[in-house]
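**Q** Before we start, here is the structure in question, set down as structure tokens.
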Amino acid sequence: MVDVSAKPATARRAVAHAFVRMQRATMASVRRLKSPKGNPLEIARIAGILAAKRTSELIPLCHPLALTHVDVTAKLCQNGIQVTSEATSTGPTGVEMEALVAAAVASLTIYDMCKALERSMEITELYLVKKSGGRSGDYTRAGKRVKR
């Protein structure tokens, strides 16, 4: 692991994004909040939050962080589900990995919850949207938004 002991503790925030593309029939079931396993949107939210808290156990050499806030939202779109995660902390290192892991695991949970309805779903567009805090300052992802 990188030695961060000399770095000052600062407020850190990161937002990540992922998209689960699925067929219309699957979307119709999700809109009714029905899958063979229950409500995929709420279960994905909880799974993403839990994953963020365990990031250092999943990613080698990632520092364990005292997270002050984690939120995950799953929004129904025309052809899939948009997942957005946010992680915050005050410490000597950033929370980008926590936000990315939360979005990834929430997306995988949606897949798991809906796989009995459709096996051809795709998890796409996993990326860091923005981050703030720390020595490197703020970052916001540039680029066009994908129309869904």
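**Q** What is the list of residues in region 58-72 whose amide nitrogen lies under 19 Å from a point 7 angstrom out from the Cα of THR90, following Cα to Cβ?
**A** 64-71
**Q** Give me SER89, SER107, SER120 ranked fewest to most by other Cβ atoms within 10 Å of their Cβ, as a rough exposure proxy.
**A** Taking fewest neighbouring Cβ atoms as first place, the list is SER120, SER89, SER107.
**Q** Let me ask you something else. Rounded to the nearest 0.05, what FRET efficiency do VAL2 and VAL129 give with R0 = 25 Å and r taken as the Cβ-Cβ distance? Could you check?
**A** After rounding to 0.05, the efficiency reads 0.60.
**Q** Trypsin sites (Lys or Arg not before Pro) within region 55-130: which are DSSP loop residues with at most 12 other Cβ atoms inside 10 Å?
**A** Here the sparse-neighbourhood loop sites are ARG119.
**Q** Taking the beta-carbon count within 10 Å as an exposure proxy, list HIS17, HIS69 from fewest neighbours to most.
**A** HIS69, HIS17
**Q** Within a Cβ distance under 13 Å of SER120, other residues only, what is the Lys/Arg minus Asp/Glu net charge?
**A** On the way: positive: ARG21, ARG24, LYS115, ARG119; negative: GLU118, GLU122.
It works out to a net charge of +2.
**Q** Okay, moving on. So for MET1, MET27, fewest C-beta neighbours within 10 Å to most, what's the order?
**A** Working: MET1 10, MET27 20.
By the 10 Å Cβ count, ascending, the order reads MET1, MET27.
**Q** Okay, moving on. What number do you get for region 10-133 when its Cα radius of gyration is normalised by 2.2 N^0.38 Å, N = residues?
**A** 1.06
**Q** What nm value, rounded to one decimal, do you get for the distance between ALA28 and ASP71 when each label is placed 7 Å out toward the C-beta?
**A** Distance between label points: 3.3 nm.
No value in this document is a laboratory result; all are computed from the given coordinates. These numbers come from a predicted model, not from an experiment. Please note: Cβ atoms are built from the backbone with ideal geometry, for glycine as well, and neighbour counts cover all protein chains shown.
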